[in-house]
Amino acid sequence: MTYRLLMVAGLALGLSACGGFSESLGTSKQSPDEFRVVSRAPLTVPPDFQLRPPEPGAPRPQVGTPAQQAERAVFRNDAGVNQTANAAPRRVTVGEQALLSAAGAQEADPNIRQVVNRETKQINEEADYFVDRLIFWNDITPAGTVVDPVAERRRLQENAALGQPSTTGPTPQIERRRKAPLEGIF
């Protein structure tokens, strides 16, 4: 009898250490996923009861699009709640115009995206070079000689016309470096 009781107690103790078993018993805390929690507009009774039923999957009219929600959050106005996507653009207020002029928005470079892309590309290339030096412990292999396709075609045609092998003359050769046993794995 005591042997069976000890076996059951040991089995219960062993299973309680398993995460799935403790969840199924309800002993672990189940908190909501913070990325799936969204706020909803409060329910209100409409002034007229001649409403159509909502369409499944359609956005709620009192919530608006994410752009309208952001506009309301920044400018604290409720004018854009029931606007459609094709509504006329909102007029800029005097305060917003003063803020934009103080920030220098009128002198903004129209090609700023190209400037940022060029600078970012340069920074990324430098970072890639640094990472390659750290990981592979050797310099970047040079590109090698560039073959002029017109001169190479002429050389091959001359060799073919004279009946000589195609390797006669200055022939470009590719010399492949032998890889180390673990190179490319890490």
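The values are calculated or read from the model by the stated rules, or taken from the named source; none is laboratory data. What you see is a predicted model, and the numbers here were worked out from it, not measured in a lab. Using ideal geometry, Cβ is built from the backbone for each residue, glycine included, and neighbour counts are taken over all protein chains shown. What goes into the accessible areas is simple: the full protein's heavy atoms, side chains included, and nothing from ligands, DNA or RNA. Shrake-Rupley method; radii C 1.70, N 1.55, O 1.52, S 1.80 Å.
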**Prompt:** Could we say that GLN173 is modelled with pLDDT of 75 or more and of a type in the set (S, T, N, Q) here?
**Reply:** no
**Request:** Specify the residue that is surrounded by the most Cβ atoms within 10 Å (Cβ to Cβ); the eligible residues are those in the range 145-186 that are of a type in the set (S, T, N, Q) and in a helix (DSSP H, G or I).
**Result:** ASN159
**Request:** Can you confirm whether the range 123-140 contains a residue that is more than 30 Å from LEU182 (Cα to Cα), out of contact with any Ser or Thr (no Cβ under 7 Å at 6 or more places or on another chain) and either modelled with pLDDT under 90 or open to solvent by less than 70 Å² (accessible area, probe 1.4 Å) (or both)?
**Result:** no
**Asked** Within the range 70-95, can you find the residues that are open to solvent by less than 80 Å² (accessible area, probe 1.4 Å) and at pLDDT 70 or above?
**Response** ALA70, GLU71, ARG72, ALA73, THR93, GLY95
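Can you tell me which residue is modelled with the highest pLDDT among those in the range 16-62 that are part of a loop (DSSP other than H, G, I, E, B) and of a type in the set (Phe, Trp, Tyr)? Don't jump to the end; show me each part of the working.
Of the residues in the range 16-62, the ones part of a loop (DSSP other than H, G, I, E, B) are 17-18, 26-62.
Retained after the next criterion (residues that are of a type in the set (Phe, Trp, Tyr)): 35, 49.
On the way: PHE35: 76, PHE49: 67.
Step by step, filter the range 16-62, then rank; the result is PHE35.
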**Request:** Scan the range 1-11 residue by residue and report those that are in a helix (DSSP H, G or I) and either among the charged types (D, E, K, R) or at pLDDT below 75 (or both).
**Result:** ARG4
